[in-house]
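The values are calculated or read from the model by the stated rules, or taken from the named source; none is laboratory data. Bear in mind that the values here come from a model prediction, so they are computed numbers and not experimental data. Quick reminder, even Gly has a Cβ in these numbers, built from the backbone with ideal geometry, and neighbours come from all protein chains shown. Quick note on the areas: whole protein, heavy atoms, side chains included, nothing else; ligands and nucleic acids left out. Shrake-Rupley method; radii C 1.70, N 1.55, O 1.52, S 1.80 Å.
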Amino acid sequence: MPVAGIIAEYNPFHNGHLYQIKEVKKKFPDAPLVVAMSGNFLQRGEPASFDKWTRAQQALANGADLVVEMPVLACVQPADRFAFNGVSILASLGVTDLFFGAEHAEYDFTVYARLVQSTHGDFKTYNESYAATFQKAVAAKIGHNVDQPNDLLGLAYAKANLKLGEPLFLNPIQRKNANYHEINLKAGTIASATAIRQHYLAGNLAKLSAYVPAATLKTLKTQNLLTWDDFFPYLKYKLLSTAPARLSEIYGMAEGIEYRLKEQMERLPSTADFDQWLKAVKTKRFTYTRLSRLACALLLDLTPAELKEYDQAPYMRLLGFNAKGQQVLRRAKKTSAYQIIAKVSKDDKNAIYRVDYRAGKIYQLQNQLEQDLKRAPIRIF
């Protein structure tokens with residue numbers, strides 16, 4: 001029996017995500033749908049708009065059967081590593097088919113992945129980012145650019161799938177109506193998560209009812225949407241109070257960038273926000289996304305040693321399920337190489353789960369809700 005899977009962030013869950021789930025159900029109407037979802041900090045290096053429990057509830061209310069949390073060290077990563085972690089988690093849960101949005105669903109991502117599986121960017125080109133040199137190398141191998149956000153992620157999924165021995169069948173779904181970074185609310189019922197967040201922050205909540213399901217609209221009306229600016233004072237304190245030698249020990253730090261991060265923070269006026277700091281530290285070598293991920297690593301005090309520990313003993317957190325998802329879970333508990341954590345114990349928070357517990361506590365500084373201890377998975381029966 002097929003088991004469908006999606007790797008997601010749902011930041012927040014909107015009608016585009018609902019469309020994707022409906023497309024999955026068209027192909028596999030009776031198959032369980034498993035979602036591997038980023039927790040409270042996301043792949044592009046930003047805090048989630050709403051916490052992982054809220055977003056898991058939104059997913060379950062709209063067709064997901066099982067939602068698991070990808071650990072923060074699996075999420076706040078470049079696309080290839082993020083994709084590898086997501087594909088690995090889904091495969092360990094018995095998923096057979098991965099569904100993902102793409103700007104060009106007609107691309108054969110597996111063929112492309114075979115062409116570029118040993119392709120790398122140029123670390124020695126100092127007048128542009130590694131990501132830019134990688135995209136040029138990919139275009140040279142494939143014969144055209146693959147540079148749209150979801151297409152790039154689709155290629156990363158395909159590369160990860162090849163590396164793991166192709167445990168999943170890939171199913172790209174054509175992205176509808178709104179581009180990834182689209183900031184306008186176009187006619188229709190689908191808008192990008194970026195546009196939804198921006199219109200919420202601008203006070204245009206009434207306009208969003210057409211673009212999000214009921215569960216998300218309820219969240220938008222009752223909870224505060226969080227952004228980097230909510231956490232910027234903590235990042236500012238970290239940089240201003242920490243010596244460069246200690247900053248250099250943070251995961252992802254390279255080429256002495258810690259000196260620039262600290263220096264630009266010292267120069268900023270006290271009224272500056274996260275985006276102003278990001279623009280101040282931007283260089284040709286470091287993309288905005290890489291700098292945002294580095295800011296996350298600083299905020300959460302992530303280290304290379306902790307990433308190594310996760311790679312050697314991977315785990316996932318169970319966020320929610322229904323009866324169909326419970327069947328998947330029962331099978332996975334017997335076969336998965338990943339430890340599946342249902343409830344976080346006091347031992348877990350000091351051992352295997354300590355990085356995610358720390359991230360949850362930092363997120364809790366702003367949303368005021370306990371993220372891990374005494375939180376049981378959501379059950380819908």
**Request:** Quick one: what are the phi-derived ³J(HN,Hα) couplings along region 332-342, Karplus 6.51/-1.76/1.60 with θ = phi - 60°, whole Hz, x for glycine and proline?
**Result:** 5, 4, 8, 10, 5, 7, 8, 6, 9, 9, 8
**Item:** Computed label-point distance, nm, for sites GLU266 and ALA214 using a 7 Å Cα→Cβ extension
**Value:** 5.7
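Quick one: dipole size for the chain, taken about the Cα centre, charges +1 on Lys/Arg Cβ and -1 on Asp/Glu Cβ, in debye to the nearest 20. Don't skip to the answer; put the middle values down first.
Details: 49 positive and 36 negative charges, 126 e Å.
With only Lys, Arg, Asp and Glu charged at Cβ, the dipole is about 600 debye.
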**Using a Förster distance of 22 Å, the FRET efficiency for GLN117-ASP147 (Cβ separation, nearest 0.05)** = 0.75
**Item:** Long-range amide H partners of ARG285 with built H, under 5 Å
**Value:** none
**Under Karplus coefficients 6.51, -1.76 and 1.60, residue-wise ³J(HN,Hα) of region 263-271 in Hz, glycine/proline x** = 4, 5, 5, 5, 7, 5, x, 5, 8
**Prompt:** ILE196: accessible area at probe 1.4 Å, nearest 10 Å²?
**Reply:** 0
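Starting from region 129-212, pick out the chymotrypsin sites (Phe, Trp or Tyr not before Pro) whose DSSP state is loop and whose Cβ has at most 13 other Cβ atoms within 10 Å. Kindly include the intermediate steps, with their values, before the conclusion.
Working: sites: TYR130, PHE134, TYR157, PHE169, TYR180, TYR200, TYR211; in loops: TYR180, TYR211.
Qualifying residues, ordered by number: none.
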**Prompt:** Could you give me the ³J(HN,Hα) list for region 73-79, computed from phi with Karplus coefficients 6.51, -1.76, 1.60 and θ = phi - 60°, whole Hz, x at Gly and Pro?
**Reply:** 6, 8, 9, 7, 9, x, 4
**Asked** Are there trypsin sites (Lys or Arg not before Pro) in region 71-159 that DSSP puts in a loop and that have at most 16 other Cβ atoms within 10 Å, and which ones?
**Response** LYS124
**Request:** For the chain, just list the percent of Cα-Cα distances falling in each 20 Å bin from zero outward, please.
**Result:** 28, 62, 10
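Let me check against my output: what whole-number percent is the relative contact order of region 201-324, with C-alpha pairs under 8 Å and at least 6 apart?
On the way: 64 pairs, mean separation 31.2, N = 124.
After rounding, I find 25 percent.
Could you order the peptides 258-271, 290-303 from most to least packed, using the average number of other C-beta atoms within 10 Å per residue?
Numbers: 258-271: 13.9, 290-303: 22.2.
Output ranking for 258-271, 290-303: 290-303, 258-271.
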**Complete:** Under 5 Å from the placed amide H of GLY320, counting only residues 5+ away or on other chains, we find VAL67, ILE378
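Kindly rank 100-112, 351-363 from highest to lowest mean number of other beta carbons found within 10 Å of each residue. Present the calculation step by step, with values, prior to reporting the outcome.
On the way: 100-112: 17.5, 351-363: 20.1.
Sorting 100-112, 351-363 by mean packing, highest first, produces 351-363, 100-112.
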**Asked** Residues with amide H under 5 Å of VAL344's amide H, sequence separation 5 or more or different chain, H placed in the peptide plane at 1.01 Å from N; which?
**Response** LYS374, ARG375
**Request:** Would you check region 86-208 for Lys pairs whose C-alpha atoms are within less than 30 Å, ignoring same-chain pairs closer than 8 in sequence, and give me the count?
**Result:** 15
**Asked** Excluding same-chain residues fewer than 8 positions from LYS346, which lysines have a Cα within less than 18 Å of its Cα?
**Response** LYS361, LYS374
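Please compute the contact order of the chain in relative form: average sequence separation of alpha-carbon pairs under 8 Å and at least six residues apart, divided by the residue count, as a percent. Present the calculation step by step, with values, prior to reporting the outcome.
Numbers: 638 pairs, mean separation 86.1, N = 381.
This gives 23 percent for the chain.
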**Request:** First compute the accessible area of the chain with a 1.4 Å probe, then give the percent of it belonging to carbon and sulfur atoms.
**Result:** 52
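Pull out the extension gain between ALA305 and GLN198, defined as 0.36 nm times the separation in residues minus the alpha carbon to alpha carbon distance; nm, one decimal.
Numbers: separation 107, 0.36 × 107 = 38.52 nm, distance 3.65 nm.
My answer for the length gained is 34.9 nm.
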**Request:** Taking only protein heavy atoms into account and a 1.4 Å probe, give the accessible area per residue of the chain in Å².
**Result:** 44
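Go through 15-24, 57-66 and give me the packing order, highest mean Cβ count within 10 Å leading.
Details: 15-24: 19.6, 57-66: 23.5.
The peptides rank, most packed first, as 57-66, 15-24.
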